[in-house]
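For reference, the structure is listed below as structure tokens.
The values are calculated or read from the model by the stated rules, or taken from the named source; none is laboratory data. Model, not experiment: these values are computed from the prediction. Reconstructed Cβ throughout: ideal geometry from the backbone, glycine too, with neighbour counts over all protein chains shown.
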Amino acid sequence: MGAATNLKNFKQSRRRHSRRSTPMSEINVTPFVDVMLVLLIIFMVAAPMLTVGVDVELPKSAANALESENEEPLTITITKEGKIVLQTSTIPREELVTRLQGVAAERSSNRIFLRADGTIPYEIVMQIMGALNAGGFQDIGLVTDIGGPALNDVSNE
């Protein structure tokens with residue numbers, strides 16, 4: 001009788017042990033959802049800070065947006081005071097082309113986006129574009145706000 005009791009105890013302990021070692025057939029997605037929500041919040045907070053931080057009142061245009069590139073676009077901004085800003089740093093007009101040539105040597109794309117406040121004279125924008133062209137930069141995109149009038153929308157008064 002003692003051997004039967006030992007065999008019974010052995011089978012019960014083996015059953016308990018085998019239940020513990022069986023793999024779970026369900027995936028717990030709660031940690032995955034938690035991580036995704038944290039990343040979403042981080043990107044929502046960080047996204048507005050990724051744009052160039054110079055405040056200009058861009059003119060409106062009916063033009064379509066340019067296709068995006070793999071690297072951050074090289075942006076020149078002309079403020080309403082007439083200051084030149086390369087990305088986020090203000091530079092003198094005389095140093096614009098030399099600084100751009102130094103930066104462009106490290107980049108794969110030669111495209112430059114020119115942002116100008118809508119209240120500054122057209123002559124200043126053309127002077128900057130002429131200097132860029134003379135410096136060897138021909139791929140210049142003018143940045144405007146969307147939603148402006150198209151040519152067929154302009155009424156003669």
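Find the residue count for segment 139-152, including only residues that are at pLDDT 80 or above and either loosely packed, with under 11 Cβ neighbours inside 10 Å or not aliphatic (A, V, I, L, M) (or both). Going through segment 139-152 one residue at a time, the tally reaches 2.
Counting the residues of segment 121-137 that are under 24 Å from Ser108 (Cα atoms), exposed (fewer than 10 other Cβ atoms within 10 Å of the Cβ) and out of contact with any helix residue (DSSP H, G or I) (no Cβ under 8 Å at 6 or more places or on another chain) gives 0.
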